[in-house]
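Engineer: Next up is a structure, given as structure tokens.
Please treat every number below as a calculation from the coordinates, not as lab data. Remember, it's a predicted structure, so these values are computed and weren't measured experimentally. Here the Cβ is made from the backbone with ideal geometry for all residues, glycine too, and neighbour counts use every protein chain on show.
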Amino acid sequence: MKNYLRLNEFLLLTAGSVVIAVAINMFIANHDFAFGGISGLSVIANALFAIPLGITYWVLNVPLFLLSIKIKGLPFAVRSIIATSEVSLFLFITETLQYVPSDDILAAVFGGILMGVGVGLVICGGGSSGGTDMAACIVKERWNFPLWVSIFIIDGAVSTTGAAIFGFNKALYSMILVFFLARSVEYVTQNFNKLRNNFLNIMAERHSMRHEHNSVYSHIVNILHHATKWLF
């Protein structure tokens, strides 16, 4: 497990999972947004059969776990299993957080942004929260598609399926949610990578300066040592 998960990765996976669960329970589930992916299918199953979101979310991700092991490798799959399990857990824990905006547009925009931030944090942790972002990571690995485009296409396909259950208007709101979700994921992952690269560059420069300082210091000590021996 040591080789598959570091503390900073675990913290990112956990923080992202909490944000995803809060977004679903507060903004999405109560508005019947079939916004795509496994999360959207879980909302549909909950609306039709009253199956708990957490259970459906985890079960439907099992085939993607197996596929991700083959394509992305075991470390990615392990992190994804952890994140998906945490999302399922936090869906149960936060199910009482039911803030329901009266306006579907507000729910779609803020739900999409919040969930996109959560998914982005999980991806920055080296895994996925299952569902769409896992499939999008696999598509990006195989065909080098932009991450947000993959998410938008896959989620959009499920959103059109939800139109038959929740109505055409809900499907349109779902597409708005999907757009903000996909763009938020792209924003978080790109800026996180820039921040991490800047931090690594700063640390490398400090290490280089420290090495040069030590070299100069050693050179001065050697000169003084030889001068002292010559004098005495």
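Engineer: Report the residues of segment 45-85 in range of a label on ILE93: point 7 Å along Cα→C-beta, backbone N strictly under 17 Å from it.
Structural biologist: 53-55, 58, 81-85
Engineer: Also, I was wondering about something else. By the scheme Lys and Arg +1, Asp and Glu -1, what is the net charge of all other residues having a beta-carbon under 11 Å from that of PHE10? Write down the numbers at each step before the final one.
Structural biologist: Details: positive: ARG6, ARG79; negative: GLU9, GLU86.
Result for the local shell: 0.
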